[in-house]
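Peer 1: Quick one: this structure, given as structure tokens, is what I'll be asking you about.
The values are calculated or read from the model by the stated rules, or taken from the named source; none is laboratory data. Quick caveat: nothing in here was measured; it's all calculated off a predicted structure. Cβ placement follows ideal geometry from the backbone for every residue including glycine, while neighbour counts extend to all protein chains displayed. Surface accessibility is based on the protein's heavy atoms, side chains included, excluding ligands, DNA and RNA. Shrake-Rupley method; radii C 1.70, N 1.55, O 1.52, S 1.80 Å.
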Amino acid sequence: MLRHLRFACLVAFTLIHAAPSVPIRAAELMLPSLFGDHMVVQRDQPIRVWGWTDPNIEVMARLADRQASSKSDANGRFDIQLKGLPAGGPFELVVTAQDQEKRFQDVLSGEVWICSGQSNMQWSVGQSNDAALECLAANNDQIRLISVPQVGVQEPQRDFNGSWSKANPDTVRDFSAVGYFFGRQLQQTLNVPIGLIDDAWGGSAAEAWVPKDVLDDDGRFQPLMEQWETMMANYDFEKLTATWQQKREAWVAGGKKGNAPRAPRNMANGNQRPANIYNGVLHPTVGYGIRGVIWYQGESNSSRAYQYRDLFPLMIQTWRELWDQGDFPFYYVQLADFMAETESPAESAWAELREAQTMTMDKLDNVGQAVIINLGEASDIHPKNKQDVAKRLARWALAKDYGYEISYRSPQYTSMTQAANGRLRVDFDHVGEGLDTFDTNRLVGFTIAGDDKVFHDAEAKMVDRDTVEVWSTDVDAPVAVRYGWADNPVCNVQSKAGLPLTPFRTDDWNGVTADRVTR
């Protein structure tokens, strides 16, 4: 017993006295991928710099003539805030912790925007109109790009695998087309550096971009969350994969006749599961200084359009709370026209999703909708004209955030009154210099209904710059008007600035998605 005690004391004495000559290995000083060579920080705004090192040590950051420090917490995380910089650069960002140092070169100060949503935001420059010409012309080192990989998980991630690059023919080819063209318009107009963070994920549902606890705590989404809980409790991806492999082997053995069996996708790590994309894609970027967000999504939620009325504003407000930099601008694209044109008025889930998007402007401050009802393609859910989509988003930013006096908002329905001779008179706001038509002088796209709720194609004429009169010989006592109310409506009203009239309806009759709350 005594011998064991003496041995323990000897070991302790040796360790204590050996410590100065055998240093304990320090934790590596680490910063997220958002911090790197060629990065852009948001101008005229406090600059957050964070990362990880040893616990409870002083960490210093220096950018241009700005310098600040803070102490890492018990887990080694540090968070430093530097005073904002005007637009300019290049600068060097230096971060030091004890004897470790990280240096990032060619840092610019300018305007930073997140480019988010599903496949129409993910759609690349190389897949868009005039791709070859656009890529050849993309030589602008004042535009910087970074993409966040698609990672779907239920636990918040602290970093991602990515790096900043300058805009050139190679780097823009696979970058978000809407994002790049939006950034290019801003850079050419403002003449300041632009940083673009692309985190779009094709096919993603809006609920995947929201933290799970936010959705769990909101009773409006209880059926959706319970459905996912049940699905995941009984989900066996390995079994599904094994079944697919058996089917494929049989298909090969049978001479590969017909289509090959489709491999299953792992729903557990996919782009539809609530909170997956928030955790794996958005969370690592939260807190990085930004001017705002541009968003193009909604197709995956169209079957639950009524639910989107609540879900979309909740998502935006949650992002703003997470960033903790006020109600930053959030500009989004309304769904384009898509699928077959209909010869007679019909109900439409896509029309209801567009309506939910429009309603968001009445629910939140500092949001804006780019209407593109004239830019879609019937046979392609990914219209290739991303240049004009980006320009309509850029109009919002240039007018609202940068003070340019340009038309930026599509005309929008405000009120309806009864006119003489069985006609309805509809008034609009945001018409600029007045309403106009495209291609033909005849106003196309209006339908009208009586108390029977049966809609008929309608005639329409402009009464003045912001009023349209609507009627149909098939409806003696009309009570409701709709415009552009279809998956792919034929409609042609716009402002004189070329911004299309926002699709609308004057009625509040239940639509086809009114009772749909689960996927």
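Peer 1: Tell me which residues, restricted to segment 355-377, are touching a residue at least 12 places away in the same chain (Cβ under 8 Å) and over 22 Å from residue 398 (Cβ atoms).
Peer 2: 355, 356, 359, 363, 376, 377
Peer 1: Can you tell me which residue within segment 466-491, out of those that are assigned to a loop (DSSP other than H, G, I, E, B) and under 28 Å from the mean Cα position of the chain (by Cα), is surrounded by the fewest Cβ atoms within 10 Å (Cβ to Cβ)?
Peer 2: 490
Peer 1: Another question, if that's okay. Has segment 138-158 got at least one residue that is without any contact (Cβ under 8 Å) to a residue 40 or more places away in the chain, open to solvent by less than 10 Å² (accessible area, probe 1.4 Å) and closer than 30 Å to residue 403 by Cβ?
Peer 2: Checked against the condition, which is being without any contact (Cβ under 8 Å) to a residue 40 or more places away in the chain, open to solvent by less than 10 Å² (accessible area, probe 1.4 Å) and closer than 30 Å to residue 403 by Cβ, segment 138-158 yields no hits at all.
Peer 1: Another question about this same structure. Go through segment 98-113 and count every residue that is of a type in the set (S, T, N, Q), within 28 Å of the chain's Cα centre (by Cα) and on the phi > 0 side of the Ramachandran plot.
Peer 2: 0
Peer 1: Would you please name the residue that is farthest from residue 299 (Cα to Cα), looking only at residues in segment 99-127 that are among the polar types (S, T, N, Q) and surrounded by 23 or more Cβ atoms within 10 Å (Cβ to Cβ)?
Peer 2: My answer is 109.
Peer 1: Where in segment 285-401 are there helices (runs of 4 or more DSSP H), lying fully within it, with 3 or more residues that are at pLDDT below 95 and of a type in the set (A, V, I, L, M)?
Peer 2: Filter on segment 285-401 gives an empty set.
Peer 1: If you don't mind, there's one more thing I want to ask. Write out, first by first residue and then by second, each pair whose Cβ atoms fall under 6 Å of each other, whose residues are 6+ apart or on separate chains, and whose first residue, in segment 308-330, is more than 17 Å from residue 358 (Cβ to Cβ) while the second is hydrophobic (A, V, I, L, M, F, W, C) and surrounded by 21 or more Cβ atoms within 10 Å (Cβ to Cβ).
Peer 2: 318/210
Peer 1: Of all the residues that make up segment 427-456, how many are under 32 Å from the mean Cα position of the chain (by Cα), among the aromatic types (Phe, Trp, Tyr) and crowded, with 17+ Cβ neighbours inside 10 Å?
Peer 2: 2
Peer 1: Scan segment 293-309 for residues that are buried (at least 24 other Cβ atoms within 10 Å of the Cβ) and within 13 Å of the chain's Cα centre (by Cα) and jot them down.
Peer 2: Scanning segment 293-309 gives 294, 295, 296, 297, 298.
Peer 1: I've got another one for you. Tell me the residue from 132, 138 that is more than 19 Å from residue 393 (Cβ to Cβ) and either of a type in the set (A, V, I, L, M) or part of a loop (DSSP other than H, G, I, E, B) (or both), please.
Peer 2: 132
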